[in-house]
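In what follows, a single structure is set out as structure tokens and then discussed.
Each reported figure results from applying straightforward, stated rules to the coordinates on display, with no laboratory input. This is a predicted model, so every value here is computed, not measured. All Cβ positions, even for glycine, are placed from backbone atoms using ideal geometry, and neighbour counts span all protein chains on display.
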């Protein structure tokens, strides 16, 4: 049986840049990042692609949980970034990347 390598889901930019933008937008709004989102956004700050891992967690699970805990984040930046992450998740799942 041949082994196939799964290509990472394409992102316009690395996950660590997205995490920095999330934190920056919260600061610009004068708010603190929702406490439950902090570990996931911090983990995203250590990831580059959707094929990466953060210790035992896949990037897919980190992004999924980050999105879940960023549900109260509002504004133009929030809408754009969440759409970017949702599209990356959908593409990753199509390519077979899972939790």
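A few comments on the model shown:
- From the coordinates shown, mean projected area of the Cα convex hull in nm² corresponds to which of (1) 6.3; (2) 14.3; (3) 12.5: (1)
- Mean projected area (nm²) of the alpha-carbon convex hull when the stretch 25-67 is viewed from all directions: 3.1
- For the chain, calculated [θ]222 nm from helices alone, where every DSSP H run of n ≥ 4 adds -39500 (n - 2.57): -16000 deg cm²/dmol
- For the stretch 43-99, a Kirkwood hydrodynamic radius built from all Cα pairs, placed in the Stokes-Einstein relation at 37 °C and 0.692 mPa s, yields a translational diffusion coefficient of 283 µm²/s.
- Helix 59-69 axis, angle to the chain major axis (alpha carbon atoms, nearest 10°): 30
- Relative to the longest principal axis of the Cα atoms of the chain, helix 15-28 runs at roughly 10 degrees.
- Here the residues 32, 58, ranked from fewest to most Cβ neighbours within 10 Å of their Cβ, fall in the order 32, 58.
- Principal-axis tilt of helix 76-94 within the chain, Cα atoms, nearest 10 degrees: 10
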